[in-house]
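FYI, it's all coordinate maths here, none of it is from the lab. Predicted model, so just to flag it, every value in this text is computed and none were measured. Please note: Cβ atoms are built from the backbone with ideal geometry, for glycine as well, and neighbour counts cover all protein chains shown.
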Amino acid sequence: MFGDAASGGGAGELRLPTVAVWNLSEQMAHENEAFGFYFSSHPISQFGQIAASHGAKTYLETIDCGPIPEGSRKSGSLAAMVQAVKWRQSKRGNRFVQAEFSDASGQFQASCFDEAVCAELAEWAKTNECLLINVEMDLPAGEEIPRIAIRSAKRLAGLVANSSFRMMLDIDRAEAFHHLQHLILPLTGGRGEIVANATTADGKAAQIMLRRRYRLDLELVEKIKAIEGIAKVEMAPIKPQLASVH
């Protein structure tokens, strides 16, 4: 690189190795394998919209929800990834589990005493499933962090499969439509719809329904954000409309 050109020694061409481009899920998996935690995002983030629609909060938001009076319990919902489950036995001889969870705000433990839910958690921990968990919390005397007991749990992927989503885009360049079409055409067969806000040639605002029945997820959101000419991308569950009764 710093050799003398006059010496006549020709420098070889510098070639960088070709490496595979990871998508967001692959990148997170490699980060966790190498470092034990995530840099780019957390797997639970892909379910942010559906989790929010069910009232789920992060672990930090949940334990920061205010004081819990002694002898009382407070309920709540969390979205978190189950990472490990250990079976335990109570003083009365009943089996229960202590499960380890994580979300974007940190790691935490929760107990479950329902035999059926315990069995599901044990299976889901094998594949690190992202869950919506309904919990009850109490604060033992002398403790600062509430104990968490799981009452029920559902796979967020299952909730997504049974929900409809709407993606809203702001497009300020006509050529962005071509790139968007190329990206979403293979994704038909889902339950989502895409709506684009654009400006016509005469300066008027227009809302365009591109098509219904798309398979929408966080990976797609990130890819669309990278398209030049698309300024904003938002996705949220479509809430069912109640028909009026006369």
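Quick one: Cα convex hull volume of the range 109-188, Å³ per residue? Don't jump to the answer; show the numbers that get you there.
Values: hull volume 13.7 nm³, N = 80.
Cα-based convex hull of the range 109-188, divided per residue, equals 172 Å³.
Net charge around Met209, counting only other residues with Cβ within less than 12 Å of its Cβ (Lys, Arg = +1; Asp, Glu = -1)? Intermediate results must be reported in sequence, preceding the final value.
Details: positive: Arg166, Arg211, Arg212, Arg213; negative: Glu193.
Neighbourhood net charge equals +3.
For every other residue with a beta carbon closer than 15 angstrom to the beta carbon of Asp138, add +1 if it is Lys or Arg and -1 if Asp or Glu, then tell me the sum. Write out the running numbers ahead of the final one.
On the way: positive: Arg73, Lys74, Arg147, Arg151; negative: Glu70, Glu136, Glu143, Glu144.
Net charge in that neighbourhood comes out at 0.
Say R0 is 25 Å: what FRET efficiency, to the nearest 0.05, do Glu222 and Trp87 get from their beta-carbon distance? Write out the running numbers ahead of the final one.
Numbers: r = 38 Å, r/R0 = 1.53.
Plugging the Cβ-Cβ distance into 1/(1 + (r/R0)^6) gives 0.05.
Given Cβ point charges of +1 (Lys, Arg) and -1 (Asp, Glu) and nothing else, what value in debye, to the nearest 20, does the dipole of the range 43-160 about its Cα centre take?
Working: 13 positive and 14 negative charges, 73 e Å.
So the dipole magnitude of the range 43-160 works out to roughly 360 debye.
Please compute one quarter of the surface area of the Cα convex hull for the range 164-237 and express it in square nanometres.
Values: hull surface 17.5 nm².
Averaged projected area of the range 164-237's Cα convex hull equals 4.4 nm².
Set the Förster distance to 30 Å, then compute FRET efficiency between Ala205 and Ala52 from the Cβ-Cβ distance, nearest 0.05.
Values: r = 28 Å, r/R0 = 0.92.
Result of the calculation: an efficiency of 0.60.
Could you work out how far apart the two model spin labels at Asp138 and Val195 are, taking each label as a point 7 Å from the Cα in the direction of the beta carbon, and quote it in nm?
Those two pseudo-labels are separated by 4.7 nm.
Simple spin-label model, 7 Å along Cα-to-Cβ: Phe113 to Lys239 in nm?
3.6
Are there GluC sites (Glu not before Pro) in the range 83-165 that DSSP marks as loop and that have at most 15 other Cβ atoms within 10 Å, and which are they?
Numbers: sites: Glu100, Glu115, Glu120, Glu123, Glu129, Glu136, Glu143, Glu144; in loops: Glu129, Glu143, Glu144.
Here the sparse-neighbourhood loop sites are Glu143, Glu144.
Please give the contour-minus-distance gain from Ala157 to Lys232: 0.36 nm per residue of separation, less the Cα-Cα distance, rounded to one decimal in nm. Spell out each step's value before the answer.
Values: separation 75, 0.36 × 75 = 27.00 nm, distance 2.50 nm.
Separation in residues times 0.36 nm, less the Cα-Cα distance, equals 24.5 nm.
If the limit is 28 Å between Cα atoms, which of Lys154/Lys239; Lys57/Lys239; Lys86/Lys223 go over it?
On the way: Lys154/Lys239 19 Å; Lys57/Lys239 19 Å; Lys86/Lys223 38 Å.
Check vs 28 Å cut-off fails for Lys86/Lys223.
Counting only other residues whose beta carbon sits under 10 Å from that of Arg95, what net charge do I get with K and R as +1, D and E as -1? It would help to have the intermediate numbers written out before the result.
Numbers: positive: Arg88; negative: Glu115.
Here the charged neighbours net out to 0.
What distance in nm lies between label points placed 7 Å from Cα along the C-beta direction at Asp64 and Leu185?
In this crude spin-label approximation the distance works out to 4.6 nm.
Based on Cβ point charges of +1 for Lys and Arg and -1 for Asp and Glu, what charge dipole magnitude is obtained for the range 164-237 about its Cα centre, in debye rounded to the nearest 20? Show your work: numbers first, answer last.
On the way: 11 positive and 10 negative charges, 71 e Å.
Its charge dipole is roughly 340 debye.
From the alpha carbon gyration tensor of the range 43-160, can you work out the equivalent ellipsoid semi-axes (sqrt of 5 times each eigenvalue) and give them in Å, largest to smallest?
Working: eigenvalues 92, 73, 26 Å².
Semi-axes, largest first: 21, 19, 11 Å.
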